[in-house]
Amino acid sequence: MEDKENDEKLDCVNSENISNDDVIGESENQKTELDKSAEDIQAELLKEAEHYKSIAQRAQADLINYRSRAAQELEETRRTIKFGILGRFLSVVDDLARAVENVPDEVNDDWEKGVSLVLRNLENALEMEGVTKIESLGLQFDPHLHDALMFEETEEKEEGLVTSVIQEGYKINDRILRPARVVVSKAPAEQTQNDKEEGE
């Protein structure tokens, strides 16, 4: 009986040893799984952090682009308003220039000087805003700067030259505020016909 009891104790001890090994093995497996899942969680958190960082960077870039676009639109609006306002003053300058050029003889000299002074002050104010006259008289016709209202046949001048200015043109910096309305020289019809016959 004693042997039997010893065998049972031995079995019990063996089973405890097996159980402890199993427990140790299982706990190591759990630890490995925990380590893996901790690594997975850490990797997932890093990935999520990168995602939110990317979103924040895009939002910041969008904000910078929006500010730039808003500044450009504001500048364009200012330029458009400035063009509109300055364009309205050009007709006043034209009227004052015509008044100075066509002063009747019976008008007082002081009145003429006063109108000339107003014209000069208005032209100076426009110059301070960057408005300048387009030089046209005697220059080659440029469709970007001039509107040809008439052609004048002449042998005295080269074809395509501005012979007279009907209405002054103005530009602000490099943009045309109003093209100059001009008369352009043209070769006489007889001369043009002779040139065509010579070419044939």
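The values are calculated or read from the model by the stated rules, or taken from the named source; none is laboratory data. A quick note: this is a predicted structure, and the numbers were derived from the prediction, not measured. Quick reminder, even Gly has a Cβ in these numbers, built from the backbone with ideal geometry, and neighbours come from all protein chains shown.
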Any residue at all in the range 185-198 that is of a type outside the set (D, E, K, R), at pLDDT 80 or above and surrounded by fewer than 17 Cβ atoms within 10 Å (Cβ to Cβ)?
no
Qualifying residue in the range 99-110 (condition: within 43 Å of the chain's Cα centre (by Cα), loosely packed, with under 10 Cβ neighbours inside 10 Å and part of a helix (DSSP H, G or I)):
yes
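Yes or no, residue by residue, for (1) among the polar types (S, T, N, Q); (2) not assigned by TED's automatic domain parsing to the domain that holds Ile166:
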position	(1), (2)
Gln72	yes, yes
Thr77	yes, yes
Gly84	no, yes
Asp94	no, yes
Ala99	no, yes
Pro104	no, yes
Val115	no, yes
Leu122	no, yes
His146	no, no
If you scan the range 128-150, which residues turn out to be acidic (Asp, Glu) and assigned to a strand (DSSP E or B)?
Asp147
Residues located in the range 160-182, provided they are under 13 Å from Met150 (Cβ atoms) and surrounded by fewer than 20 Cβ atoms within 10 Å (Cβ to Cβ)
Thr163, Ser164, Val165, Ile166, Gln167, Arg181
Suppose we filter the range 151-160 for residues that are assigned to a strand (DSSP E or B) and not aromatic (Phe, Trp, Tyr); how many remain?
2
Please find, among Phe83, Phe141, Phe151, the residue that is hydrophobic (A, V, I, L, M, F, W, C) and without any contact (Cβ under 8 Å) to a residue 40 or more places away in the chain.
Phe151
